[in-house]
Structures are given as C-alpha cells and as structure tokens.
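K.L.:
What follows is a single structure, and I will ask about it in a moment.
Readers should treat all values here as calculations from the given coordinates under stated rules, not as data from a laboratory. Bear in mind that the values here come from a model prediction, so they are computed numbers and not experimental data. With ideal geometry, Cβ positions are generated from the backbone for all residues, glycine too; neighbour counts draw on all protein chains shown.
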Amino acid sequence: MSEVVLLIDCNSFYASCELLFRPDLKGRPVIVLSNNDGCVVARSKEAKKIGIPMGAPLFTIEHLIKTFDVVQFSSNYPLYNDISNRVMNTLRRFASAIEIYSIDEAFLTIPCPKEGVDILDLAKTIRQTVLKEIGIPVSIGISHTKTLAKVASIEAKKNATGVHALIEKKEIDSTLQKLDVVEIWGIGQRLAPKLQSYGVFTALDLKKTDKTRLKKLFNIVVVKTALELDSIPSFELEEIPKFPKSITCSRSFGKPIEELSLLQEALSSYTAQAAEKLYRVGGTAGGIIVFLTTNRFSEPFYANSIYIPLMEKTFYPPTLMEKGLEGLFEIYRAGYFYKKVGVTFVDLSRTTQHQLTLFQEQFQLPKKQKELVDAVHRIKKRFGINAIQYASEGIRKPWKNKKELRSPLYTTLWEDILTIQI
DNA sequence: TCTGGGGTCCTAGGACCC
DNA sequence: TCTGGGGTCCTAGGACCC
C-alpha cells in the first residue's frame with residue numbers, strides 16, 4: 001500500500017461559518033436556511049441534538065425554534081465560499097493530491113506514512129491546523145478508497161478526536177457490518193430498498209455480493225461502490241476540476257408572480273448571473289433552456305421548459321438574455337402565479353477549444369461586445385456584484401427572494417468587514 | 001401563510017443507417 | 001404466412017451527491 005485516502009469534511013459547515021463571526025452564539029442551537037428562508041440546510045451540533053432534521057421546512061419546526069430559542073440565519077454563500085477557499089488552501093499543504101469535492105469536503109491522498117508514524121497523528125495535526133488557522137472544525141476519515149474514507153468519516157464524527165482510520169481488514173469488516181446500505185456513499189433512498197429486496201442489508205453484504213449479479217441487477221456505479229468497499233479503488237481522485245457541462249441559475253420568488261414583465265426581469269437577472277459564471281470558467285454556450293413553474297404544492301399547477309439552440313456559441317449576456325426572453329414568452333401562460341423561473345446553459349465549450357464557423361480563424365466576440373463584457377466583469381469585481389447591471393433586470397425587483405436573516409458579508413465586502421470595539 | 005439550488009452520471013429505448 | 005441483424009447516436013428519465 002503506497003497511499004491512503006483522507007476525506008476531510010467540515011462539520012455543520014454553514015453553521016460553523018456563521019459562528020466564526022458570532023462567538024457569542026456558541027452553545028446555542030444555530031440553523032442556516034435555504035435561499036428563500038424556506039427550509040433548513042445546515043444545523044449546528046446543538047440544533048441536531050434537539051431534533052431539527054436536515055431539509056425540514058421552516059414551518060414544520062416552529063415549535064422547536066420557540067422552545068429552544070434557535071438562532072436562524074439566511075444563507076450567505078459569498079461568505080461560505082470564501083471560508084471554503086481558505087480551508088482548502090490550508091489542506092493543500094498536507095496533500096500530494098487534493099480533490100475539492102464540494103464546498104465543505106475534500107479528498108486528499110498522502111504518501112503512506114513511514115513505519116512508526118501514526119496516520120491518526122497526522123490527521124489530528126491537519127485538524128488542529130484548520131481549526132487554528134481558519135476556525136472551522138473538521139472530521140477526517142482515512143482508508144484505502146474514497147468510499148471507505150467516507151465510511152471512516154461517519155465514525156470520525158462520533159469520536160471526540162474527530163478522526164478515524166479504517167486500515168485493517170478486520171476492523172473494516174466489523175464497521176461495514178454495522179453500516180446500513182443506505183448510509184453508503186452512492187446508495188440512496190431508491191437503491192437501498194431494492195438492494196434489501198435482494199438480501200443486501202449492510203455494507204458488508206454489498207461488499208460480498210457477486211459483482212456480475214450487481215451489474216445485471218443495478219449498474220456500473222453500484223459495482224464500483226462494492227469494489228471500493230472491498231478496498232479496490234474504483235473512483236479516481238479528480239484533481240483538476242472538470243469543465244462544467246451545464247450552468248444553471250434559478251430562484252424561488254419571495255412571493256408568487258403573475259405578470260410577464262416581472263418574470264422577464266427575474267429571468268434577465270438570472271441569465272446575467274449565469275453568464276457571469278460562464279465568463280469566469282472561460283466558456284461559451286451552444287444552447288439555453290428556460291423553465292418556469294408555479295408552486296408545486298398548490299393548484300392550479302403549471303410547469304414548462306423550452307430549449308433554444310444558438311446559431312453561434314457565445315457568452316455575450318445580451319444575446320443570451322434576448323434568446324432566454326424569447327423562450328420565456330413561448331412558455332408563459334397568463335393566469336398562473338409563478339414560484340420560480342430559471343435558465344440553464346448547455347452544450348458548453350471552452351473558448352480556447354472552439355469549434356469555429358467556416359470563416360473564423362479564432363473564436364472571439366466582436367470587439368465591442370468583448371470590451372463590454374470585460375468592463376462589466378471588472379466593475380463587479382472591484383465594486384461588488386451589485387455595482388452594475390443590465391436595465392432589463394429591473395430596478396425594484398419585487399420578485400427577489402426573502403433573505404431576512406442574512407449575516408453581513410464579513411470577508412467579501414469592505415462595508416461589512418468585522419469591526420471590533422475595545 | 002411557509003417546502004432550495006446546482007450539479008453529474010447511467011441506462012433504456014427510439015431513431016436512423018447500412 | 002412471411003417480416004434481419006448490427007451498430008451508433010440522442011434523449012428522457014431516474015438515480016445520486018452536497
């Protein structure tokens with residue numbers, strides 16, 4: 001064995017980010033709410049303890065909030081992204097390779113420590129360093145494969161030390177025997193009952209199941225998962241972030257919207273945001289999908305989407321907005337109260353590897369378009385994302401969602417920087 | 001009253017071709 | 001009554017993740 005896999009997982013990440021700047025709330029149950037303050041997306045340790053479930057709609061836990069005086073935050077993604085980057089930069093120092101798996105998780109491979117060096121000590125050092133430098137508590141699971149590292153991290157969360165290694169076969173098997181299949185990374189709510197119907201109840205059962213049979217009854221991912229449980233690496237560490245296949249921007253509205261003009265404003269705004277992201281990854285879109293929906297919990301319900309191919313690939317926001325609005329016009333039906341619109345860019349390419357039209361030598365936007373996009377980007381970068389916008393995004397924006405409880409942008413906006421009074 | 005947002009991958013089946 | 005076989009490509013839908 002030459003390398004081991006570590007899974008580093010930030011504990012209650014969004015809640016931990018909020019607590020960083022509000023040490024006065026330590027020990028109290030803290031929750032972070034989804035974009036529209038609709039449901040719970042993160043819970044502090046204390047919030048978990050009083051029984052607030054992940055994903056719970058806010059209105060179903062009113063009684064808990066009142067009884068236990070729960071502290072609520074709207075989600076503050078600029079802050080979480082910034083803290084995440086800092087955590088990842090610290091982790092990088094310890095790794096021979098790192099895959100940033102999500103905003104709060106990373107897989108690391110490290111050379112197998114020399115005889116006598118305890119891998120757990122190294123993990124503890126990593127944990128201490130992140131805690132000291134960034135202030136975010138993490139759990140660390142260690143094993144031979146990504147899937148087993150995930151299993152180890154479940155154990156790590158139960159430990160006071162926050163770290164756990166699964167290296168010896170005996171120990172691995174006894175842990176897998178106690179693990180329900182639904183807890184395995186890659187096995188969800190649908191696959192678990194199906195596996196159970198074939199007599200596969202625990203992770204150890206899955207590991208021991210014949211792979212040909214698994215392939216026949218399920219798919220290749222389930223086979224790979226079973227192999228990983230058997231210490232055979234089947235999911236590679238992906239160090240280089242993949243170029244995206246699609247980019248989406250959509251939001252629920254603060255209150256239902258009926259007028260087309262307001263939907264147009266919202267869609268323009270989301271398209272601009274998605275275009276900004278497209279610009280940042282250095283890509284162009286070959287097609288866009290526009291979708292809209294009324295509240296799925298109330299009648300009359302209407303949802304629709306439309307695909308609009310683009311004659312020429314582009315990242316020029318006005319073109320994307322114009323096409324998007326055309327699509328919206330097609331699928332809009334008067335008389336409904338809409339809850340959400342959104343846009344997805346598909347058929348993405350890198351601007352550097354562009355399929356050229358017959359007479360192009362190199363992909364580039366017309367000079368003036370390019371200058372405009374660059375300028376808007378620079379202004380946003382320097383003065384904040386609200387410093388400039390397209391007129392079609394509207395001024396009053398009554399469709400904007402609720403974010404009543406958002407904390408300041410402590411680390412990404414000068415006006416919001418933390419002040420300390422002595 | 002109130003229920004998020006953004007992704008990826010796999011497979012089956014249809015369309016189409018020779 | 002008879003009604004091929006094999007291959008590719010695309011898409012919708014299902015499943016998963018955080």
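K.L.:
So how far apart, in nm, are the two label points at residue A:238 and residue A:189 if each is 7 Å from Cα heading toward Cβ?
P.N.:
Result: 2.4 nm between the two label points.
K.L.:
Oh, and also: Rounded to the nearest 500, what is the 222 nm mean residue ellipticity of chain A from helices alone, with -39500 (n - 2.57) per DSSP H run of 4+ residues and division by all residues? If you can, show how the numbers build up before the last one.
P.N.:
Working: 14 runs with 158 residues, N = 422.
Only helices count here, giving -11500 deg cm²/dmol.
K.L.:
Calculate, for residue A:102 and residue A:337, the FRET efficiency according to 1/(1 + (r/R0)^6) with r their C-beta to C-beta distance and R0 41 Å; round to the nearest 0.05. Walk me through the intermediate numbers first.
P.N.:
Working: r = 34 Å, r/R0 = 0.83.
Efficiency for this residue pair is about 0.75.
K.L.:
A follow-up question, please. State the answer as a single residue: which of A:352, A:192, A:248 lies farthest towards the positive end of the charge dipole of chain A, with beta carbon charges of +1 for Lys and Arg and -1 for Asp and Glu, about the Cα centre.
P.N.:
A:192
K.L.:
How do A:331, A:240, A:187 line up, fewest other C-beta atoms within 10 Å first? Write down the numbers at each step before the final one.
P.N.:
Values: A:331 15, A:240 6, A:187 23.
By the 10 Å Cβ count, ascending: A:240, A:331, A:187.
K.L.:
Roughly speaking, what is the centre-to-centre gap between segment A:177-225 and segment A:26-43 when only Cα atoms are used, to the nearest Å?
P.N.:
Using only Cα atoms, the two centres lie 32 Å from each other.
K.L.:
Output the 0 to 90 degree angle, nearest 10, between the alpha-carbon long axis of helix A:367-383 and the longest principal axis computed from the alpha carbons of chain A.
P.N.:
Between the helix axis and the principal axis of chain A, the angle is about 60 degrees.
K.L.:
Hey, with R₀ at 22 Å, roughly what FRET efficiency would residue A:58 and residue A:400 work out to, going by the Cβ-Cβ distance, to 0.05? All intermediate terms of the calculation are to be shown ahead of the outcome.
P.N.:
Details: r = 18 Å, r/R0 = 0.83.
The pair residue A:58/residue A:400 has a calculated efficiency of 0.75.
K.L.:
In addition: Within 10 Å of each residue's Cβ, count the other Cβ atoms and sort A:311, A:88 from fewest upward. Display every interim value, and only then the final one.
P.N.:
Values: A:311 9, A:88 19.
In increasing order of surrounding Cβ atoms, one gets A:311, A:88.
K.L.:
How many percent of all Cα-Cα pairs in chain A sit more than 41 Å apart?
P.N.:
Working: 23320 of 88831 pairs.
Value for chain A (Cα pairs over 41 Å): 26 percent.
K.L.:
Give me the extension gain from residue A:416 to residue A:375: residue separation times 0.36 nm, minus the current Cα-Cα distance, reported in nm with one decimal. Please report the intermediate quantities before stating the final value.
P.N.:
Values: separation 41, 0.36 × 41 = 14.76 nm, distance 2.47 nm.
Length difference between fully extended and current span is 12.3 nm.
K.L.:
Also: Going by how many other Cβ atoms sit within 10 Å of their own, how do A:377, A:63, A:164 line up, fewest first? Write down the numbers at each step before the final one.
P.N.:
Values: A:377 14, A:63 8, A:164 24.
Arranged by neighbour count, lowest to highest, A:377, A:63, A:164 become A:63, A:377, A:164.
K.L.:
Quick check: convex hull over the Cα atoms of segment A:247-393, volume per residue in Å³, rounded to an integer? Walk me through the numbers on the way to the answer.
P.N.:
Details: hull volume 16.0 nm³, N = 147.
So the per-residue Cα hull volume is 109 Å³.
K.L.:
Enumerate the residues in segment A:8-23 having an amide nitrogen under 19 Å from the point lying 7 Å beyond the Cα of residue A:67 toward its Cβ.
P.N.:
Taking a point 7 Å out along Cα→Cβ of residue A:67, no residue of segment A:8-23 has its backbone N under 19 Å.
K.L.:
At 0.36 nm per residue, and after removing the present C-alpha to C-alpha distance, how many nm does the segment from residue A:326 to residue A:387 gain when stretched out fully? Can you show the working numbers first?
P.N.:
On the way: separation 61, 0.36 × 61 = 21.96 nm, distance 2.69 nm.
Result: 19.3 nm gained on full extension.
K.L.:
I need the trypsin sites (Lys or Arg not before Pro) found in segment A:189-281, filtered to DSSP loop residues with at most 13 other beta carbons within 10 Å of theirs.
P.N.:
Filter output for segment A:189-281: A:190, A:242, A:245.
K.L.:
How long is segment A:174-257 along each principal axis, judged by its Cα atoms, biggest number first, in Å?
P.N.:
Answer, in whole Å and largest first: 52, 34, 27 Å.
K.L.:
Now, a different point. Please list, or write none, the lysines whose alpha carbon is within less than 17 Å of the alpha carbon of residue A:216, excluding same-chain residues fewer than 8 places away.
P.N.:
Filter leaves A:194, A:207, A:208, A:224.
K.L.:
Work out, step by step, the length gained on full extension between residue A:22 and residue A:86: first 0.36 nm times the residue separation, then minus their alpha carbon distance; give nm to one decimal. Write out the running numbers ahead of the final one.
P.N.:
Numbers: separation 64, 0.36 × 64 = 23.04 nm, distance 1.85 nm.
Between residue A:22 and residue A:86, full extension yields an extra 21.2 nm.
K.L.:
About its Cα centre, how strong a charge dipole does chain A have in debye, to the nearest 20, once Lys and Arg get +1 and Asp and Glu get -1 at the Cβ? Could you put the intermediate results ahead of the total?
P.N.:
Values: 57 positive and 46 negative charges, 53 e Å.
The dipole of chain A has a size of about 260 debye.
K.L.:
Could you give the spread of the C-alpha atoms of segment A:1-68 along their three principal axes, from largest to smallest, in whole angstroms?
P.N.:
The Cα atoms of segment A:1-68 stretch 52, 26, 23 Å along their principal axes.
K.L.:
Any idea what angle helix A:220-229 forms with the longest principal axis of chain A, computed on alpha-carbon atoms, 0 to 90 degrees, nearest 10?
P.N.:
40 degrees
K.L.:
Using θ = phi - 60° and the Karplus curve 6.51 cos²θ - 1.76 cosθ + 1.60, what whole-Hz ³J(HN,Hα) does each residue of segment A:190-202 get, with Gly and Pro shown as x?
P.N.:
With the stated coefficients, segment A:190-202 comes to 8, 6, 4, x, 5, 4, 4, 5, 9, x, 9, 10, 10 Hz.
K.L.:
Something else: Any idea what angle helix A:77-92 forms with the longest principal axis of chain A, computed on alpha-carbon atoms, 0 to 90 degrees, nearest 10?
P.N.:
So the helix axis and the longest Cα principal axis differ by about 40 degrees.
K.L.:
Place +1 on the Cβ of every Lys and Arg and -1 on the Cβ of every Asp and Glu in chain A, take the dipole about the Cα centre, and give the residue among A:76, A:136, A:167 whose Cα lies farthest towards its positive end.
P.N.:
Of the listed residues, the answer is A:76.
K.L.:
Which loop-located GluC sites (Glu not before Pro) does segment A:226-298 contain, where loop means any DSSP state but H, G, I, E or B and the Cβ has at most 15 other Cβ atoms within 10 Å? Don't skip to the answer; put the middle values down first.
P.N.:
Numbers: sites: A:228, A:236, A:238, A:239, A:258, A:259, A:265, A:276; in loops: A:236, A:238, A:239, A:258, A:259.
Those that pass, being in a loop and sparsely packed, are A:236, A:238, A:239, A:258, A:259.
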